[in-house]
Amino acid sequence: MRKISHEILEEHEFLLYIYTPFCGTCHVARTMLDKIESVHNETIFYEMNASLFPDFMQENKIESVPCLVIKKENELKEKIYAFKSIANIYSYLLKYEPGLFYDKK
């Protein structure tokens with residue numbers, strides 16, 4: 001995962017994992033996202049420590065952590081709070097990042 005920056009937050013598209021360092025559920029969610037990146041052998045997600053971006057949290061009405069924010073076409077499309085399983089996260093990736101599933105040969 002890549003650390004988020006204020007510049008990237010201004011971009012039109014990203015997948016953003018929001019966490020706090022002492023949240024146990026956040027560590028479980030991060031493990032799922034790490035496994036997805038490992039399978040695809042590429043960095044897919046940005047990560048954000050919620051404590052360091054209070055304005056973003058308030059402006060975007062982030063209710064809790066962990067949260068996966070999907071921004072496409074300069075609009076927040078989804079805020080996922082219940083990660084549930086890797087298969088559940090893949091259902092969102094298939095919808096918003098179908099290019100991950102094409103053969104890249």
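Residue check: Y92 meets all listed conditions (1) surrounded by fewer than 14 Cβ atoms within 10 Å (Cβ to Cβ); (2) in a helix (DSSP H, G or I) but one, namely (1). Criterion applied to E63, E47 was being surrounded by 14 or more Cβ atoms within 10 Å (Cβ to Cβ), outside any helix (DSSP H, G or I), touching a Lys or Arg at 6+ places or on another chain (Cβ under 8 Å) and acidic (D, E), and the one residue passing it is E47.
Please indicate, with yes or no, whether at least one residue in the range 3-23 is surrounded by fewer than 19 Cβ atoms within 10 Å (Cβ to Cβ), touching an Asp or Glu at 6+ places or on another chain (Cβ under 8 Å) and not in a strand (DSSP E or B). Yes: the range 3-23 contains one or more residues that are surrounded by fewer than 19 Cβ atoms within 10 Å (Cβ to Cβ), touching an Asp or Glu at 6+ places or on another chain (Cβ under 8 Å) and not in a strand (DSSP E or B). Mind checking whether some residue in the range 25-37 is outside any helix (DSSP H, G or I) and free of Cβ contacts under 8 Å to residues at least 60 places away in the same chain? No, the range 25-37 has no match at all. Annotation: A87 fulfils all but one of (1) in contact (Cβ under 8 Å) with a residue 60 or more places away in the chain; (2) loosely packed, with under 13 Cβ neighbours inside 10 Å; the unmet one is (1).
Of the residues making up the range 61-83, those that are of a type outside the set (F, W, Y), closer than 23 Å to H27 by Cβ and under 14 Å from the mean Cα position of the chain (by Cα) number 12.
The sole residue among I62, I36 that is within 19 Å of R2 (Cα to Cα) and modelled with pLDDT of 95 or more is I36.
The values are calculated or read from the model by the stated rules, or taken from the named source; none is laboratory data. Since this is a predicted model, take the numbers as computed values, not measurements. Please note: Cβ atoms are built from the backbone with ideal geometry, for glycine as well, and neighbour counts cover all protein chains shown.
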